[in-house]
1. Per DSSP H run of at least 4 residues, take -39500 (n - 2.57); add these up for the protein assembly as shown, divide by its residues and hand me the 222 nm value, nearest 500 deg cm²/dmol.
2. So which of B:K403/B:K632; A:K244/A:K264; B:K99/B:K750; A:K144/A:K222 end up more than 23 Å apart by C-alpha?
3. Projected onto the charge dipole of chain B (+1 at Lys/Arg Cβ, -1 at Asp/Glu Cβ, origin at the Cα centre), which of B:G435, B:P792, B:M530 gives the Cα projection farthest towards the positive end?
4. I want to check the label-to-label distance for B:A360 and B:F100. Put each point 7 Å from Cα in the C-beta direction and report it in nm to one decimal.
5. So which of B:K362/B:K678; B:K220/B:K485; B:K543/B:K619 end up more than 32 Å apart by C-alpha?
6. For chain B, take the longest principal axis of its alpha carbons; what is the angle in degrees between that and the long axis of helix B:915-944, to the nearest 10 within 0 to 90?
7. For the range B:764-917, would you read off the P(r) tail past 20 Å as a percentage of all alpha carbon pairs?
8. Taking the Cβ-Cβ separation of B:E535 and B:T240 as r and a Förster radius of 60 Å, what is the calculated FRET efficiency to the nearest 0.05?
Amino acid sequence: MRRQLRSRRAPAFPYGYRYRLDDQDEVNQNYLADEEEEAEEEAQVMTVPGLEEEEEEEEGKEEEEEREEEGQGQPTGNAWRRKLQIVTEYLWDPEKRMSLARTGLILVIYFFFYASLAAVITLFLYMLFLTISPYMPTFTEQVKPPGVMIRPFAHSLNFNFNVSEPETWQHYVISLNGFLQGYNDSLQEEMNVDCPPGQYFIQDGDEDEDKKACQFKRSFLKNCSGLEDPTFGYSTGQPCILLKMNRIVGFRPELGDPVKVSCKVQKGDENDIRSINYYPESASFDLRYYPYYGKLTHVNYTSPLVAMHFTDVVKNQAVPVQCQLKGKGIINDVINDRFVGRIVFTLNIET
Amino acid sequence: MEPGKEKGTATPREQNQSPRPNLKPVTMNKNLRKKKKKDLEELKKEVDMDDHKLTLDELSAKYSVDLTRGHSLKDAQEILFINGPNSLTPPPSIPNWVKFCKQMFGGFSLLLWTGAFLCFLAYSINLRYNEKADKDNLYLGIVLSAVVLITGCFSYYQESKSSKIMESFKNMVPQQALVIRDGERMQINVKDVVLGDLVEVKGGDQVPADIRVISAQGCKVDNSSLTGESEPQSRCPDCTHENPLETRNIIFFSTNCVEGTARGIVISTGDNTVMGRIASLTSGLTMGQTPIAVEIEHFIHLITAVAVFLGVTFFFLSLILGYGWLDAVIFLIGIIVANVPEGLLATVTVCLTLTAKRMARKNCLVKNLEAVETLGSTSTICSDKTGTLTQNRMTVAHLWFDKTVYEADTSEEQTTGKTFPKSSDTWFYLARIAGLCNRADFKPHQESVPVAKRATTGDASESALLKFIEQSYNSVNEMREKNPKVAEIPFNSTNKYQMSIHLLEDNPQAHMLMMKGAPEKILDFCTSFMLNGQEFPMDEEMKVDFQNAYLELGGMGERVLGFCYLNLPSNFSKGFQFNTDELNFPMESLCFVGLISMIDPPRTAVPDAVGKCRNAGIKVIMVTGDHPITAKAIAKSVGIISEANETAEEMAARLNIPVSQLNTKSIKAIVVHGSELKDMDSNQLDHILKTYKEIVFARTSPQQKLIIVEGCQRLGAIVAVTGDGVNDSPALKKADIGIAMGITGSDVSKQAADMILLDDNFASIVTGVEEGRLIFDNLKKSIAYTLTSNIPEITPFLMFIILSIPLPLGTITILCIDLGTDMVPAISLAYESPESDIMKRLPRNPKTDNLVNHRLIGMAYGQIGMIQALAGFFTYFVILAENGFKPLDLLGIRLYWDDARLNDLEDSYGQQWTYEQRKVMEFTCQTSFFISIVIVQWADLIICKTRRNSLFKQGMKINWWFCAIPYSALIFIYDEGRKLIIRRRPGGWLEKETYY
C-alpha cells in the first residue's frame, strides 16, 4: 500500500524531498521552513484523500520526533534514543491511544497462521498414531541386541563398601529389597502363571488380548533372594548382584539354547574372584520368559533374573568383573556400547 | 629566508590586505595530524590568492626576489629549509595490519567472532564442570573463526588492490625544473624548487610549481587535468580575470606547457599548489560507508536483537524451568550462536563478486566490491560533461549559408543522415574556404580509420572543419594540392581571424584570398554577401539575418566561425610576392559566404540513458567546468534539462518580465554558475538541490564539485559522480560511488573512483544501475532463503530446553546446513532475473527500503521457518515413535535420556534401551531432521526465486523438469531387473559381466 502511494505521488516531488537528515551531528537549521514547503507541495498533489491523510499524519509524527531530538541537541546517543522512541511508540502509540496499533492486524493473522499450523501437525500426528501399532513397535532393530543391567544400581557400577560398616552397604540392601518386591512369591503366584520351562511361552491370539506372564519367584534366587540372608551377603563380604537382560518386544533367544550368564575378572588375576554361585543354578534366562509382548498387553511381565553370588572375592582391592551373556544371537563385544550383552563393574570389598 | 628579510617582506603583504600564507606550510606541517580535519575544511574552500593581481614590482617585493636574477643560492637553501621540499606529502597511511584488522573485526565479522568466542566460552565452562565435555561447541567455534578468517582475507585482498591515489598524483609531477638563481640558469630537482624561484618553462615541459608568469612568448598550457578543458590556453603576463584559475598569468603545478616559453615566479609549492590541494583533499577524504555496508549493519543489528532477545528469554525460562545457572548460561550461548547465519557473509561476498564480474563484462569495472550495489541505490548522478556526456571531440554542428541554418550530422557513427543542399554554389565556396584556410591536417597512415575518428594535428575547431569537409565535400589534401597556398596570416587572439591566399585550380593564374574567424570580425571585412552562388551587396536585412543566425547558433553553446573570400584582382596574379606583414594586397570588401558552428556533441546513447535514469527516478545533475551556455545547450540536447522545462532566465525572457517577478514555484530547471556557488552557504545550496529537478552547474572548481556532492549527500541522496579529470577526483572520492572513465580518464581519477566505465559511455551507467538494483533484490532473496533455515535450526534447541526432549538437531548438522547445503543455492539466487521493470521504479529510499526489514524477518522466521521446523519435528517424532518412543512419553525424558549410566531406559512399549542405543537413535533423528530441513529448503529455494511473480510465470519452467523423470524411472526399473536376474542366476553371465 505504501509503495503504491509513493510511486503515485512521486513525480510531483523533487527527488531529494523524501530524504531526511540522518546525521544528527549536523543540525539542519532551516528544517521548519522545509516542512512548510513540503506541506504546500503536498497540498498541490492530487491523491486519494483518505489514504493520503494517513500517510501525512505518519510523516508529521516522524518529523515531530526528529524536531524534538534536535531541540535536545545532543549529538551522541540520539540515534539510540530515537530507536528507543520508535520502539516505545510501537508498543504504545499515544496519538492513536492504541497498543500495538500498527501490528494489531498482523498479530491476528499470525494467530490464525499458527493455529492452522497447530491443526496441521495435530492431524499429522494423529495419522502417525493410526499407522503405528500400540502393541508392537514398528522397528526393533535399534534396541537389539539386548543390553544388560545389574541390581543394585545406585548411579555407579563401583561397589565399594566396608563389611564392618553397615552404612556403606545398607543402601545396596535397601535397593535390592525394593527391586525384589515385585518378585515376591505370593505376588507372583497370585498374578502370574506357572508355565512349562524350556520352551517359549507363546500366546497366539489377537494383538490386543491381554497376555499372561510367567512366574519368576524371588525364591528362585535362593541365597540371593534376601529371604534367608536379609543383607544379601553384604554383611559377610559375599555380595549378591542381580543381572537382568533388557526387555525387547518379540525378542526370542535362539531356540533350545537359553541365554547364559558368565562372569570373570575383566583385567588382572583370574583368581581374584575364585568362586561365583549363580541362581538359578543354570545361570540362564529360561526360554519360558520369552517372547515379551509389550507393556500394554503383557502387564504383569516380570523380567527373569540371574543372581551372582560372589562368595570369595579378594578383599581390599578393586576387582573389575565382566559379566557376559552367552548364547546364539547374542552379541557381547560391541566396542561402542559396553552394555550390550555384557556389563562391567568393580567390586572393592573392605574388611 | 632570514628573519629580518621575512619581516621586511611582511609589509607589502599587509598593504595588499592579503595574508598570503607564506609561512603557513611550516605550521601546517608541524600540526598536520592534529589539524587534519580542520585542514580538510580549509582545502574545500576556493583557492584564495591574489598574486595574479600584483604588479611585477609588488610581486618582486612580496617574494623578495630579483625578477631577472632570481634567488641567491643561499636564500633558496633557507626557504627550502623553512618550507620543505616542493613535493606532495602522502597522507599518513594506515598500516597494512590495521587495514587487515578492519576487515577482520568489522561489521559481520564481529558478530561471528562474538559467536566463536561464546562457543569457546561454553566449551571451557563445559570442560571445567563436566568431565566429559561435548566437543560440538569447540568445533563450532573453530569453524566460525575459520569462516571469518577466510572471508576477511578475501575482503582484504579485494581492498588492498585499490587506494593508490597518492602514487598516481606523484606520477604527474615532473622530475626536473629549470630555475634561474643568482642570474644563472640551472637544472634542479623539482623537489628543490622554492617559493619565489624564477622558473623557465618551455613547450613540452611539465610545470614544476604554481607560477605567476612575468614574461611569455606564445606560451600555451594544457590545463585539462585541472579544469577538464582539453583546449590549450595561451598564457601572458597580464591579469585577465579575477579568478586565479581563469586568469592568463598563472600556470599551475603539473600541467603541461604545450608550446612557447614562459618565465615566472613560483608562488606556491608542493601541497600548497592548486594541484597539491586537490591531491591532499582527495587522499584525505574519508569515504562514508557504502549503502550495502549500512544495510548489512542494519541487518546485523536486527539479527543480534533477535538472538539476544531469544537468548535472554530462554535464559530466564530455563531458570524458571529449574535448570542450574551453568546450564542456563550454556543455553544462552547456544541460542545466540545458533542465530548467527554462518554462511551468509560468504554468500553475500560471492554474490557481489559474481555481479562485479557480470558488470565487468558490460564495461563497468568495479574496483570496490561493495560498490557493486551502490549504483543500484543511487538517487542522484552528478555527471561531468566533457568526455562522459559528450564525445570530447569538436564537431561541426550547424552551417548557415543562403540565409538558412542547416544541421550537420554530429552522431559518432554518422548515422542520422541529416543533410543539406550540397548543390548550392555557396556551399562550394564555403567548403573550399573551410578546407583551404585551415592549418589542421590528418596524421599519416590512417586510411582505414573512419574520418571522424582519425587523429589530427592542429586545434580542435580546425580539426572539426577538416573532418567535416573531408566527410561531406571532398578530400582536403587533394584540394590543397590543387589550390596551393601562397601566403597566410595565422590565427591569433588579437586579430581573431585567419587568412590565406591560394592559387585557384580552375584559374591557375588568379589568387583567391580566403578568411575565417570570429563572425563579427569577418562581417566587418565584408561589403557583399553570397546568396545561391551570386554576390549581392551587403544590406541591413542581411546584417539582421546574420545577427539572428549568429545569436541562434551561439545560443546553442556552439563556437561560431565566419567565412569570407575575395577574388584578388588580376594585378595580384601568379608570381606576386605577398607580404603578410606589410599587407601589400587588398584585404577589404570581401564577400561573406556563411557561418559554420561547432560543438563537442553529446554521445549518441546519452539522451536515451538520461531518459532511462529519469524513468528510474534518478536525478541527473551536470557539473562541468565549461561555460554555462555550452553546458546548458548540452544539457538540453541530452535531456538533463528536459524540453518542457526552462530556466528562470529563459522564462523571464519569454514573458518579458524581470527574473525577480517570476513565480519561482513553477521553475524546475536552473543553471548555476560557479561564481554564484562560491558565495552560497550550505543552506542555499540545499535549497537549490531540493527545489530544482534539473540542475546544471557550470564553471565549477574541483572544490565546488565536492561541495555539490556533499550537498546532495546531506539531503540523504546516494550520489554517483562521473568524471575523468584530476579536478574531479575529490568529488569521485567523496561520492558514494565514483565512476571514472576508462579511456579518457586520468590515472588519478581512476584511482579515486570505485568503478571504471571501460567504454567511457554514460549509457553503461544505466546498465550498472540495473545490475545494482538487481543484486539488491537478489540479495534479499538470498538472505530470505538463508535466514529461513535458522528457525528449524534453533527451535530444536529451544524445544530441548522447554520440553526436555532428546536434542533433535545437533550443532554439527546445523553447520552442515549453514555452510554446506544452504550456501550454493543461496548463491544461485544471485543469478535471478529481475521480476519487474526495475528501471521504472524509484531508487530505494535508504531510510525505509532496507535490505533486511521486519517483513523479511517475519516471513523467513515467523512463517516459512515455522513450517520448516514443523516438518523437522514431525520427522523426528515419526522416527522416535516407530522405534518405540511415542511423542508424549518423550516430554521430560531428557535427564534420563542423557544419563550415560542409565542403561535400561524404558520406552512406550516397555522395552529397555542402553545409553548408546538411545544415542544412535538420537543421531538417526538428527540426521533425518537435517534431511527434512534440506528437503523443505528445496521448496524454500524455489519460492525465494520470486517475490511477486508467480513461479510458473517467471521462476522456472516446471514442465522441463518432467522431461527427465521417465528416464529416472527407467534407471530404477532397469537396475532392479538386473539385480533380480543376478539373484535368480547366481554365477550367471549377467553377474559376471555387471556385478560390481
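1. On the way: 47 runs with 572 residues, N = 1347.
Helix-only estimate at 222 nm: -13000 deg cm²/dmol.
2. Over 23 Å Cα-Cα: B:K403/B:K632; A:K144/A:K222.
3. B:P792
4. 2.4 nm
5. Details: B:K362/B:K678 38 Å; B:K220/B:K485 26 Å; B:K543/B:K619 43 Å.
Flagged as over cut-off: B:K362/B:K678; B:K543/B:K619.
6. Roughly 30 degrees, rounded to the nearest 10.
7. 62 percent
8. Result of the calculation: an efficiency of 0.95.
Each value in this text was obtained by applying a stated rule to the coordinates, not by laboratory testing. Predicted model, so just to flag it, every value in this text is computed and none were measured. Positions of Cβ are generated from backbone atoms using ideal geometry, with glycine treated the same way; all protein chains shown enter the neighbour counts.
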